[in-house]
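The values are calculated or read from the model by the stated rules, or taken from the named source; none is laboratory data. Everything quoted here is computed from the prediction, not taken from an experiment. Please note: Cβ atoms are built from the backbone with ideal geometry, for glycine as well, and neighbour counts cover all protein chains shown.
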Amino acid sequence: MKGMREALWWKPLPNGKVQCTLCPWNCMLSPGARGICRVRENVDGRLYTLNYGLITALHMDPIEKKPLFHWYPGSPVLSISTMGCNFRCPWCQNWGISQYGPGETYYESSPPEEVVRLAKKYGSPSIAYTYNEPIIWYEYVLDVARLAKREGIKNVLVTNGYINPEPLEELVKYIDAANVDIKVFDSRRYVTKVFGRLEPVLQAIEIMKDHGVHVETTNLIVPKFNDEVELFSKLVDWQLDKLGPDAPLHVTRFYPTYKYTHVPPTPVALIEKFWALAREKGLNYTYMGNVPGHHGEHTYCHECGRLLVRRYGFEILEWNITDDGRCKYCGAKIPIVGERWKGRSMAFMF
């Protein structure tokens with residue numbers, strides 16, 4: 001069967017059952033049963049992953065789309081996905097792949113070597129594991145990332161952060177940057193809407209930071225779910241304490257989709273309010289997402305307040321940072337990893 005590979009991170013149980021130990025669900029599975037993620041199955045008393053190398057999307061994106069604004073700005077990133085997810089967000093933009101398992105959505109089979117070959121062929125300095133949750137195709141991500149690392153290609157996770165510490169400790173050896181989506185800063189609401197827990201996500205972010213991964217966070221503001229000032233304020237306080245004032249936070253506008261078409265888009269005024277609040281509380285680099293053309297997309301110097309990077313959506317229109325990473329106006333050191341991309345930009349997809 002295509003995509004079938006014995007899984008990592010599991011243990012046998014009595015009566016032919018197994019327990020997956022990859023993510024905090026720690027699913028206990030009888031023979032023939034699949035986990036919450038839909039892509040890990042007990043086959044005759046052993047755990048198998050069912051989506052190894054089954055690629056549902058392969059795009060060349062700008063790194064800003066992940067979103068990563070402080071990591072090799074303007075660079076292209078080869079972006080790949082499979083299917084499945086260990087969350088059940090009813091507003092998922094990529095539900096057509098994330099909420100389906102093998103045999104339920106389109107894919108093409110690709111070995112890890114082919115992904116790395118394409119990245120080299122098209123001059124992509126990095127590979128992003130994105131669109132659906134990369135944690136639940138752990139084995140493939142790990143194999144691709146190892147190969148990429150050997151070839152001098154960097155690795156990016158776009159993730160919900162729902163992974164147990166032990167497998168994450170192994171994976172982060174090969175990961176250079178990550179954007180982690182913090183759904184809501186409230187444990188109860190994680191359980192009732194997302195079907196996960198907040199605490200393991202926060203722990204995963206801290207592990208990534210401790211291992212030198214460049215981390216940016218996203219908070220999608222969904223009306224009547226996580227749009228209270230108090231909740232957002234708690235998230236900002238946590239980020240200041242654990243990641244520091246220079247870690248970018250993307251405050252993103254919700255648009256109706258999937259099972260949330262009855263909910264209106266987030267008012268721009270609310271996104272503006274949260275953006276301003278985060279800056280007032282001390283987060284130096286807060287960004288507004290899904291509001292193209294707004295000044296909240298831009299980067300401003302944390303010292304002098306002058307405009308450093310002007311953006312429209314994912315495109316850089318103006319750049320006022322010196323080659324040694326300083327504000328052109330006051331000389332302050334700007335916390336951006338890597339130089340601005342000066343190569344040829346491109347886009348493709350299958």
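Just one of (1) in a helix (DSSP H, G or I); (2) closer than 15 Å to residue 179 by Cβ; (3) without any contact (Cβ under 8 Å) to a residue 40 or more places away in the chain fails for residue 201. It is (3). Here region 219-251 is the region considered, the condition is being in contact (Cβ under 8 Å) with a residue 60 or more places away in the chain and closer than 23 Å to residue 301 by Cβ, and the residue that is surrounded by the fewest Cβ atoms within 10 Å (Cβ to Cβ) is 246.
Hey, any hits in region 327-341 for a residue that's β-branched (Val, Ile, Thr), touching a helix residue (DSSP H, G or I) at 6+ places or on another chain (Cβ under 8 Å), in contact (Cβ under 8 Å) with a residue 60 or more places away in the chain and closer than 15 Å to residue 70 by Cβ?
Let us first name the residues in region 327-341 that are β-branched (Val, Ile, Thr), namely 334, 336-337.
Cutting the leftovers down to touching a helix residue (DSSP H, G or I) at 6+ places or on another chain (Cβ under 8 Å) gives us none.
No, region 327-341 contains no residue that is β-branched (Val, Ile, Thr), touching a helix residue (DSSP H, G or I) at 6+ places or on another chain (Cβ under 8 Å), in contact (Cβ under 8 Å) with a residue 60 or more places away in the chain and closer than 15 Å to residue 70 by Cβ.
Selection over region 285-304 of residues that are in contact (Cβ under 8 Å) with a residue 40 or more places away in the chain and under 20 Å from the mean Cα position of the chain (by Cα) gives a count of 3. Restricting 272, 318 to those that are of a type in the set (Asp, Glu), outside the structural domain of residue 219 (by TED's automatic domain parsing) and touching a strand residue (DSSP E or B) at 6+ places or on another chain (Cβ under 9 Å) reduces the list to 318.
Taken over region 293-303, residues that are exposed (fewer than 14 other Cβ atoms within 10 Å of the Cβ) and modelled with pLDDT of 95 or more amount to 1.
Condition check ((1) outside any helix (DSSP H, G or I); (2) in contact with a Cys (Cβ under 7 Å, 6 or more places away or on another chain); (3) buried (at least 20 other Cβ atoms within 10 Å of the Cβ); (4) at positive phi) across all residues:
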| position | (1), (2), (3), (4) |
| --- | --- |
| 140 | no, no, yes, no |
| 145 | no, no, yes, no |
| 169 | no, no, no, no |
| 179 | yes, no, yes, no |
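Just one of (1) under 17 Å from residue 70 (Cβ atoms); (2) surrounded by fewer than 19 Cβ atoms within 10 Å (Cβ to Cβ); (3) of a type outside the set (Ser, Thr, Tyr) fails for residue 208. It is (2).
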